[in-house]
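What follows is a set of notes on a single structure, which appears directly below.
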Amino acid sequence: MTSAYYAAGHMDDAASLDGVLELFEAWNPGYRLRAGHVRLEEEWQSAGQGRVCWIQEGSGEIWLEEGYRTKDGDGHPLPPEYETEKAPPEWVAAVRYAATRMDSFSGDLRTAISSVCSRLHGDRYTGDAANDLWAWIEYDGVPPDRAFGDFIALFESLYDRVGFSVKTLSGWERVEAGDQIVVGEEPVRVRGNFRYWEIATPAPIRHIPAVRRLRYLKDTAGGCNFEWNAFRRMPLTYYAKRGVTAENPDGVNQVNAHYVNIAAEISRAHYHPRRAIGGGKPQGEFYFAADPGVHGLSTYGRSTGLALWPEVEEGNADLREHVHVPLRPGSVVYITPGTGHRGVDVFANVVVLPGYKPKNQIFIAERSNC
C-alpha cells in the first residue's frame, strides 16, 4: 500500500517493499532501507556511512572485544564479565540531591528525574539517561531551586560520559529479536540465523555502542504506554545538544529507535510538522511491527494496526475519517512528516529520522475509537 503520505509492506513480500523504499528514500536523501538475513558468520562494514540494524526474528551472536564499553545494564544486569565504571564524585552527589527533590515534579518530568536517579548504585552509574534529558527539554522543566538547577547543568554537560560498563573478556554474546546493532567506523562480526531491518545513514554513527540489547535496557514506561503490558525501551534515543552547529541543528542525531507496546486506550493521534520546530530535518517515522510474544507480552486477541490522517497540518483532515493499516510481525510502514498517526494495540519498533526532536510532537486528538 502506497500513497503520497505513507507506504506499507512486509518483510516476507519483497515486491511490497518497493513503494516503502521509494517513498522513504525520496524524503531522506542519503539514507537507505533494506531487509537482510544472516545465516552463518559475517563481517559487517559501513563503507563510510552508518548502519543501524534491528533483529526482527531469530537469534545469533556478536563478537565483542575486551575493553568494549556499553550503556546496557540498567534493565537486567549485564553478564559478570562486565564492570561498571565509577561515576565522577560531583555526579554522585548531584544525583543523590536530585533524588530528594522528586516530589517537586509530577507526570513525565517526575518520571524522567526518577529514571535518572534510579541508575545510581553506590558510586556506580549504569545505563543511558539521554532520553531523560530529552524529556526535561520537551516538558519545559523548571528547577525548584538553584542546587537542582546546578544538577541539570551538570547533567547536560556529561550525560553522555556516564553510565558505561566495560567488558573484561573478549567473546561472543547472544543477540535476539529486538536487539540493535550499530556499524560505525569499525567492522562488526555477527553469526547465527536471524532476519533484520537495516537503515544506512549518511554519516557514521559514533555516539552509540555497537549493540543495544532490549533485555539489558531499562523499561521506561510512559509515552505511548504507561499501563497494559507496559514496554518502552530506548536502544537509540535523542542526544540533546551534541554536535549541534548552525549548519547542522540536528547534531549527532540521524536516527532514533524505541520499542513500545502501544495500547489503544491511551494512544493519542499526533503528527510531526513538515517544518521542524527548532530547525533541521523534519521527522519521518517508521513502524516496524514486532512479535510481542518474544518479550512475554500478549495481544489479548486484539487486532493491531496504525491509523493515519493525511493533511492534518494544513487543517484539511476530517478526524472522523482515517486510513487503517493492519499490522502483523514483519510489517513496516513509513509515515511522511506532517501525517497524523496513531498506533492501535501494536508492539513495534518505532524509528524516527533524524530523531525524537523536542517540541515536534503535536497532538490532534486526545483519544479516538479508530
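The values are calculated or read from the model by the stated rules, or taken from the named source; none is laboratory data. No experiment lies behind these values; they were computed from the predicted model shown. All Cβ positions, glycine included, derive from the backbone under ideal geometry; neighbour counts span all protein chains shown.
On the given criteria, is ALA7 at pLDDT 95 or above, within 17 Å of VAL350 (Cα to Cα) and either more than 20 Å from the chain's Cα centre (by Cα) or not aliphatic (A, V, I, L, M) (or both)?
yes
State which residue pairs qualify: first residue touching a residue at least 24 places away in the same chain (Cβ under 8 Å) and inside the stretch 336-360, second residue in a strand (DSSP E or B) and acidic (Asp, Glu) in any location, beta carbons under 9 Å apart, and separation of 6 or more residues or different chains.
Taking only residues 6 or more apart or on different chains, the pairs are THR336/GLU285; PRO337/GLU285; THR339/GLU285; HIS341/GLU285; VAL350/GLU285; VAL351/GLU285; VAL352/GLU285; LEU353/GLU285.
Output the number of residues of the stretch 185-199 satisfying the condition of being under 23 Å from GLN56 (Cβ atoms) and surrounded by fewer than 20 Cβ atoms within 10 Å (Cβ to Cβ).
Qualifying residue count for the region: 7.
Please indicate, with yes or no, whether at least one residue in the stretch 59-74 is free of Cβ contacts under 8 Å to residues at least 40 places away in the same chain and within 30 Å of GLY293 (Cβ to Cβ).
Scanning the stretch 59-74 turns up no residue that is free of Cβ contacts under 8 Å to residues at least 40 places away in the same chain and within 30 Å of GLY293 (Cβ to Cβ).
Taking only pairs six or more apart or across chains, which ones have beta-carbon atoms under 6 Å, a first residue in the stretch 1-30 that is crowded, with 20+ Cβ neighbours inside 10 Å, and a second residue that is assigned to a helix (DSSP H, G or I)?
Listed pairs, sorted by first residue: ALA7/GLY19; ALA7/VAL20; ALA7/LEU23; GLY9/SER16; GLY9/LEU17; GLY9/VAL20.
Within the set of pairs 6+ apart or on separate chains, which have a first residue in the stretch 119-140 that is at positive phi and outside the structural domain of ARG213 (by TED's automatic domain parsing), a second that is part of a loop (DSSP other than H, G, I, E, B) and crowded, with 21+ Cβ neighbours inside 10 Å, and C-beta atoms under 9 Å apart?
Qualifying pairs under 9 Å: GLY127/LYS71; GLY127/ASP72; GLY127/GLY73; GLY127/ASP74; GLY127/ARG119; GLY127/GLY163; GLY127/LEU217; GLY127/LYS218.
If we scan the stretch 162-177, do we find a residue that is surrounded by 15 or more Cβ atoms within 10 Å (Cβ to Cβ), in the same structural domain as GLY36 (by TED's automatic domain parsing), touching a helix residue (DSSP H, G or I) at 6+ places or on another chain (Cβ under 8 Å) and part of a strand (DSSP E or B)?
Taking every residue of the stretch 162-177 in turn, at least one turns out to be surrounded by 15 or more Cβ atoms within 10 Å (Cβ to Cβ), in the same structural domain as GLY36 (by TED's automatic domain parsing), touching a helix residue (DSSP H, G or I) at 6+ places or on another chain (Cβ under 8 Å) and part of a strand (DSSP E or B).
May I ask you to list the residues in the stretch 179-205 that are over 24 Å from GLY9 (Cβ atoms) and of a type in the set (Asp, Glu)?
Scanning the stretch 179-205 gives GLU185, GLU186.
Look at the stretch 120-138 and say how many of its residues are assigned to a loop (DSSP other than H, G, I, E, B) and either over 19 Å from the mean Cα position of the chain (by Cα) or aliphatic (A, V, I, L, M) (or both).
3
Any chance the stretch 215-224 includes a residue that's closer than 19 Å to ARG34 by Cα and modelled with pLDDT of 95 or more?
Checked the stretch 215-224: no residue is closer than 19 Å to ARG34 by Cα and modelled with pLDDT of 95 or more.
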